[in-house]
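Some notes on the structure that comes next.
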Amino acid sequence: MARALALASRGAALAHPNPTVGAVLVKNGRVIGEGFHRYDRRDHAEIVALKKAGARARGATLYVTLEPCCTTGRTGPCTNAVIAAGVKRVVAAMRDPNPAVAGRGLAELRRAGIETREGAGEAEASRLNEGFAKWIRTGLPFVTLKTALTLDGRIASRAGTATWITGSKSRRAVQDLRHRSDALLTGIGTVLVDNPRMTDRTGLPRRRGLLRAIVDSRLRIPLESELVKSAQRDVIVYTTAPHDSPKARALERAGIDVVRVPARRGVPARHGGPARHRRVDLQAVLRDLGNRQILNVILEAGAELNGAALQSGIVDKIILFYAPKIIGSGGVPLANLSSDWFAKAPALHNVRVCACGPDFVAEGYFTDVYGDHRARRKS
């Protein structure tokens, strides 16, 4: 199963919008076939492994990171192929979170006389497909808030400035997170301060380019910014400003997709300005991204958008890169949150902490994108 999980991870950015899956066929203690899913090559991981094994698959054990599908889509059901190949035993790391499959594939295999087992490597398999799990169940992307900060919780030395906080190993890890994401989301404040390109710089292959999304209620993004200059229909600006304004038309001519979304209800206009400049409804942003088959969003923003995202409840996971430094009271906090946030904030679960060069990384989940189907299986 460890080998199957390693294979599955190779499908990152290549399996979209399908889940990442790895499969290994073993017979008499030897691997006779293996593979992982790439969307453009159509075959699911199980089929790749079965084709490599050929007739030797009869009587073998199939280790697969996700329950074999039993439905017809771009390809036929994998369960039919597994049964026809004469596989004797199937070990699946996790059930398919797709409600159309969820347990039915394994049940079909058992009815055909194939021994099944599930749960080995489930935690890692779940992490690989947390975005797919949420999207297939809700139509919304999985949102990870990522930031770098000091030990006293500061993300910049002062407002309106860019501050390098973490080391090179942490920055490489962030690029890996971007590679595994479908979209990178930030706020206009970060764009004005950092003038970022917001790209995946790993050099690894992707099926679709990283979508770059900006929350910009008043369309303040400069036409000379790096994002506008490098746009190739892969930059979206979410705004509450009129879609037919001169600035909106100029951005669209430059290759930017300007999307007008509702303002957040109950939030007054900024600085006493007109209603059209109210804050962007982040739930509407997620719905639009979900409609674009965006499964995983990484949020890299400043205190204002971080706070709005946390308070709106759109954040599923948080990853904090801590550097062994202290800025002091003049620094910018992780998020601007209301005074009652702590009293009602959801607790993080499945928290993990690990070293990353001189820094350390803490991550945890606010939500369970799998619902309670795993609990039902184990009960």
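The values are calculated or read from the model by the stated rules, or taken from the named source; none is laboratory data. Since we're looking at a predicted model, the values are computed, not measured. Please note: Cβ atoms are built from the backbone with ideal geometry, for glycine as well, and neighbour counts cover all protein chains shown. With ligands, DNA and RNA removed, areas are computed over all heavy atoms of the protein, side chains included. Shrake-Rupley method; radii C 1.70, N 1.55, O 1.52, S 1.80 Å.
Worth pointing out:
- Checklist (1) surrounded by 18 or more Cβ atoms within 10 Å (Cβ to Cβ); (2) assigned to a helix (DSSP H, G or I) applied to residue 193, failing item: (1)
- Take the conditions (1) in contact with a strand residue (DSSP E or B) (Cβ under 8 Å, 6 or more places away or on another chain); (2) open to solvent by less than 30 Å² (accessible area, probe 1.4 Å); residue 88 misses just one of them, which is (2).
- When residue 154 is tested against (1) closer than 22 Å to residue 364 by Cβ; (2) surrounded by fewer than 21 Cβ atoms within 10 Å (Cβ to Cβ); (3) modelled with pLDDT under 95, exactly one condition is not met: (2).
- Condition met for residue 224 (assigned to a loop (DSSP other than H, G, I, E, B), more than 26 Å from residue 315 (Cβ to Cβ) and at pLDDT 95 or above): yes
- Against the numbered list (1) within 25 Å of residue 292 (Cβ to Cβ); (2) open to solvent by 10 Å² or more (accessible area, probe 1.4 Å); (3) out of contact with any Phe, Trp or Tyr (no Cβ under 6 Å at 6 or more places or on another chain); (4) not basic (Lys, Arg), residue 19 comes up short only at (3).
- Subset of segment 314-350 that is among the charged types (D, E, K, R) and farther than 26 Å from residue 173 by Cβ - its residue that is most open to solvent (accessible area, probe 1.4 Å): 344
- Annotation note: Cβ proximity below 9 Å between a residue of segment 1-15 that is of a type in the set (D, E, K, R) and modelled with pLDDT of 95 or more and a residue that is open to solvent by 20 Å² or more (accessible area, probe 1.4 Å) and not in a loop (DSSP other than H, G, I, E, B) (sequence gap 6+ or interchain) occurs for 3/31; 3/34; 3/63; 10/36.
- Applying a threshold of 6 Å to beta carbon distances and a minimum spacing of six or more residues, or different chains, the list of pairs starting in segment 321-350 at a residue that is within 17 Å of residue 149 (Cβ to Cβ) and ending at one that is part of a loop (DSSP other than H, G, I, E, B) and modelled with pLDDT under 90 reads 327/157; 330/158; 331/157; 332/159.
- Listed conditions (1) farther than 24 Å from residue 290 by Cα; (2) in contact with a strand residue (DSSP E or B) (Cβ under 7 Å, 6 or more places away or on another chain) are all met by residue 186, apart from (1).
- Which listed residue, of 118, 108, 124, is open to solvent by 60 Å² or more (accessible area, probe 1.4 Å), touching a helix residue (DSSP H, G or I) at 6+ places or on another chain (Cβ under 8 Å) and either more than 23 Å from residue 369 (Cα to Cα) or of a type in the set (Asp, Glu) (or both): 124
- Qualifying residue in segment 163-170 (condition: out of contact with any strand residue (DSSP E or B) (no Cβ under 6 Å at 6 or more places or on another chain), closer than 18 Å to residue 317 by Cβ, open to solvent by 30 Å² or more (accessible area, probe 1.4 Å) and touching a residue at least 24 places away in the same chain (Cβ under 8 Å)): no
- One residue stands out among those in segment 23-72 that are in contact (Cβ under 8 Å) with a residue 60 or more places away in the chain and assigned to a helix (DSSP H, G or I): the one that is most open to solvent (accessible area, probe 1.4 Å), which is 40.
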